[in-house]
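Structure first, then comments.
The values are calculated or read from the model by the stated rules, or taken from the named source; none is laboratory data. On a predicted model such as this, the values are computed, not experimentally measured, just so you know. Every residue, glycine among them, receives a Cβ derived from its backbone with ideal geometry; neighbour counts consider all protein chains shown. Heads up: the accessible areas ignore ligands, DNA and RNA and are worked out on the full protein's heavy atoms, side chains in. Shrake-Rupley method; radii C 1.70, N 1.55, O 1.52, S 1.80 Å.
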Amino acid sequence: MDSLAEYVDLVGSRNEAEIVMAARAIAATSAAGGLVRPTGAGHSLAAVLETFFRAGGLAFVRPIWHPRVLPFYGARTATAAEREEGVGASAAADAGIGAQDTVIVFSNSGTNPFPVEVAESAAQAGATVVAVTSRAAGEAAPRRAAHRLVDLANIVIDTHVPPGDATWPPENPVTAPVSSLATNTIWTLILREVYELAPDAARWRSANMAGNDEFNRALVERFSAQIPEL
């Protein structure tokens, strides 16, 4: 992987159909008054953060998360919690997932209990489940859950991240992980497609641009009952 630009283009071009499908699900969620429910564990939480309460992002987003899988809560314990049965199921139960929601599960391998259990709960609730994951990494990773994320999702977007998530130097990769680059690319492309389908969907504006505080305040009032984190 010599060129990051080529990698970004590859991730987008190889997932064109799936990105459109995800955008359609999100547009339908918006029209139905539902929520986008992103989730992840460990460094996949970086992707979740990209979806929530940020300039240019969708306003009807409520993450599904658990403090034990946050690396700042404890790096090693976060890894252990992601592998522990029941943590994901507990987070999903507390989230109150609805059938009109779109649940986006960010997980590089998609084999640990936390993302799998959230996907299972979302599927049982009748929500649309979108997996943003690497099929190659999932094939190489130890299987720690009863199912794999790719087998539970309605839509699978493949990040094409190599097993181990390291890309440099090419002959013996030990550094330069690209999973966050991939998830950011995919989410950005989804947002562009959602705009084409639902240009009037609620979106945040930058708090550092004059006049936008009032606009965002109105969105908080509109969604705070559905999204207590606001």
Calculated from backbone phi, Karplus (6.51, -1.76, 1.60) coupling profile of the stretch 74-90 in Hz, x at Gly/Pro: x, 4, 6, 5, 5, 4, 5, 5, 4, 8, 7, 5, x, 5, x, 4, 5
Accessible area of Y7 in the full protein assembly, 1.4 Å probe (Å², nearest 10): 10 Å²
The stretch 1-152 - accessible surface per residue (Å², probe 1.4 Å): 44 Å²
Cβ-based net charge around S13, under 13 Å, with every Lys or Arg adding one and every Asp or Glu removing one: -4
Under the Karplus curve 6.51 cos²θ - 1.76 cosθ + 1.60, θ = phi - 60°, whole-Hz ³J(HN,Hα) for the stretch 115-125, x wherever Gly or Pro sits: x, 5, 5, 5, 4, 4, 5, 5, 4, 5, 7
C-alpha center-to-center spacing [the stretch 182-224, the stretch 16-36] in angstrom: 14 Å
Cut-off under 5 Å, modelled amide H: who pairs with V36 long-range: V61, R62, T102
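Using the Cα centre as the reference, give the magnitude of the dipole from point charges on the C-beta atoms of the chain (Lys, Arg: +1; Asp, Glu: -1; all else neutral), rounded to the nearest 20 debye. Numbers along the way, then the final one.
Details: 17 positive and 25 negative charges, 82 e Å.
So the magnitude is around 400 debye.
Looking at the calculated P(r) for the stretch 1-56, what percent of the C-alpha pair distances fall above 18 Å?
Values: 874 of 1540 pairs.
Tail fraction, whole percent: 57.
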Accessible area of E84 in the full protein assembly, 1.4 Å probe (Å², nearest 10): 70 Å²
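Is the stretch 15-128 best put as rounded, prolate or oblate by its Cα gyration tensor, with a ≥ b ≥ c the root eigenvalues, rounded for a/c under 1.5, and otherwise prolate when a/b is larger than b/c, oblate when not?
Details: a/c = 1.80, a/b = 1.52, b/c = 1.18.
Cα axes put the stretch 15-128 in the prolate bin.
What does DSSP give for the chain in terms of the percent of beta bridges that are antiparallel, rounded to the nearest 5? If you can, show how the numbers build up before the last one.
Working: 2 of 17 bridges.
About 10 percent, rounded to the nearest 5.
Please report, as a whole percent, how much of the solvent-accessible surface of the stretch 9-114 comes from carbon and sulfur atoms (probe radius 1.4 Å).
Values: 2440 of 4490 Å².
That fraction is 54 percent.
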Accessible area (Å², 1.4 Å probe, nearest 10) - M209: 120 Å²
